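This report refers to the structure that appears directly beneath it.
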Amino acid sequence: MFFLGEVPDQVDDLLSRQQILGRKLMQAYNGPVQTKTFVEETALYEEVDHLYLGKVREGLVQISTQGADVLCFEAGDLFSLPRVFGLPHGDATVQPGAELDLIHRDDFVDYVYGDMVRQHHWSNYLLTTLAIYQRVLAHHHLKASVRAPKGFEHVAKGEVMIHEGEQADTVYQLMSGHADVTVKGVKVGEVLEGEMFGAMAVFTGEPRNATVTASSDCTLLSIPKERFVDLIQAKPETAMALLENMSRRITALNEQVIAQKTASSLSTAEQEAPA
């Protein structure tokens, strides 16, 4: 079994454990089996009675829920367990070339509970499956909880968004518009659409070292300090984007310093030149 989308690293070990337990559980099964081969993509639950669970011999069975593709079962995996036991379930689509063993629920139950060792494997299989879904759910819940951290603010042109010297408890992302960055009244840079700003003081705990003023009407996404840490942990790509923004601003600042030094040197040279 594998998930279609991002999952935490710990899930890989649990998936391997589940596969091993599934093989141990079914290795002695010699009861009735219906083997079906599919030559084209097929909506499985329109073809198979709800009392039959499946074991994948070859190929893939894709599971979707509310129109979203969630996971795939591959060779050796058991599937349709929620359906055969009358629980909520998604839709199953068999990919072309797949071969499945279909086992009646009653035959499966008789097989499992006819041996204490198989009961032990079955219990562990279910607990491992539960642990997998718990970790996947927790991972996506964390990402969803930080997707919209606080709210949007609309700022008019000329309005100050960050004041130099104030304490920092919020990071901002400029969703639209642009802004000027000044230190002691001197412009030292700008914030472009899509960029984050205000993070440095949040990281260091120092007062804000610059003022940010909207140079056009802007829309901001404000992220409280504690939730910004969660955002970085859940979406490391946010940290990379922040570093890229900082790098661009440092480069622009260096160019500005060099330009000022060059202008100063030229001015000095002109003053010292003989009349």
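The values are calculated or read from the model by the stated rules, or taken from the named source; none is laboratory data. Keep in mind that what you see is a predicted model, and the values were worked out from it rather than measured. Neighbour counts are summed over all protein chains in view; Cβ atoms, including those assigned to glycine, are modelled from backbone coordinates with ideal geometry.
Condition check ((1) in a strand (DSSP E or B); (2) at pLDDT below 85) across all residues:
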residue: D180; (1), (2): yes, no
residue: M200; (1), (2): no, yes
residue: S222; (1), (2): yes, yes
residue: R227; (1), (2): no, yes
residue: L243; (1), (2): no, yes
residue: M246; (1), (2): no, yes
*For P8, indicate whether it is surrounded by 12 or more Cβ atoms within 10 Å (Cβ to Cβ) and modelled with pLDDT under 95.*
yes
*Which ones in region 47-94 are surrounded by fewer than 17 Cβ atoms within 10 Å (Cβ to Cβ), of a type in the set (G, A, S) and farther than 18 Å from T37 by Cβ?*
S64, G67, A68, G86
*Is it the case that some residue within region 33-47 is assigned by TED's automatic domain parsing to the domain that holds S123, touching a Phe, Trp or Tyr at 6+ places or on another chain (Cβ under 8 Å) and in contact (Cβ under 8 Å) with a residue 24 or more places away in the chain?*
yes
*Would you check if there is a residue in region 162-174 being modelled with pLDDT of 90 or more, assigned to a strand (DSSP E or B) and within 15 Å of S222 (Cα to Cα)?*
yes
*What are the residue pairs meeting all of these: first residue in region 193-217, first residue under 13 Å from F228 (Cβ atoms), second residue among the hydroxyl-bearing types (S, T, Y) and at pLDDT below 85, Cβ atoms under 8 Å, and 6 or more apart or on different chains?*
M196/T238
_Is it the case, given these coordinates, that E195 is surrounded by 10 or more Cβ atoms within 10 Å (Cβ to Cβ) and either at pLDDT below 60 or under 27 Å from H139 (Cα atoms) (or both)?_
yes
*In this structure, does R83 turn out to be touching a His at 6+ places or on another chain (Cβ under 8 Å), within 30 Å of D115 (Cα to Cα) and among the charged types (D, E, K, R)?*
yes
*Quick one: G185 ticks every box in (1) modelled with pLDDT of 80 or more; (2) surrounded by 16 or more Cβ atoms within 10 Å (Cβ to Cβ) bar one, so which box is it?*
(2)
